[in-house]
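The values are calculated or read from the model by the stated rules, or taken from the named source; none is laboratory data. Keep in mind that what you see is a predicted model, and the values were worked out from it rather than measured. Using ideal geometry, Cβ is built from the backbone for each residue, glycine included, and neighbour counts are taken over all protein chains shown. Side chains are part of the model used for accessible areas, which takes the heavy atoms of the whole protein and leaves out ligands, DNA and RNA. Shrake-Rupley method; radii C 1.70, N 1.55, O 1.52, S 1.80 Å.
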Amino acid sequence: MPEPILRYYILFTNYEQGLALHALLDEHGLPNRIAPAPRCIQGKLSCGMSLLIEQADIDAVRLCIDEQKGEYYDIVPLIGQIQPHRDKYC
C-alpha cells in the first residue's frame, strides 16, 4: 500500500472568501483545488468549502496569501484523505 500523502486544506468562514482566494492563487499560477472541507477539521465552521494544496506548494501559497492579504480561517495539514479507488465499480 502506498505511503499516505500529506495535503493542506485551507478553511474559510464563507464561500466568498474561498472563491476569492481560489481566484487569487490561480492568478499567481499556484496549484489549488476546490474540495469539501473534511468534517474532522471543519469544526463549527458552517462553510464546507476548502482549497486543497499539495505539500510541495504550501510554502509558495502561504507567501502569496501573506503578500496579497488573502482571507481565510485556517490552514490545516491532513494525511491520507483522498482514496483513489473510492466509488470505482469496474
Condition first: crowded, with 17+ Cβ neighbours inside 10 Å, under 13 Å from residue 9 (Cα atoms) and touching a helix residue (DSSP H, G or I) at 6+ places or on another chain (Cβ under 8 Å). Now tell me which residues in the range 24-71 satisfy that. 32, 49, 50, 51, 53, 61
Tally, over the range 72-90, of residues that are open to solvent by less than 90 Å² (accessible area, probe 1.4 Å) and at pLDDT 90 or above: 6
Report, by residue number, each residue of the range 8-59 that is over 15 Å from residue 71 (Cα atoms), among the hydroxyl-bearing types (Ser, Thr, Tyr) and outside any loop (DSSP other than H, G, I, E, B). 8
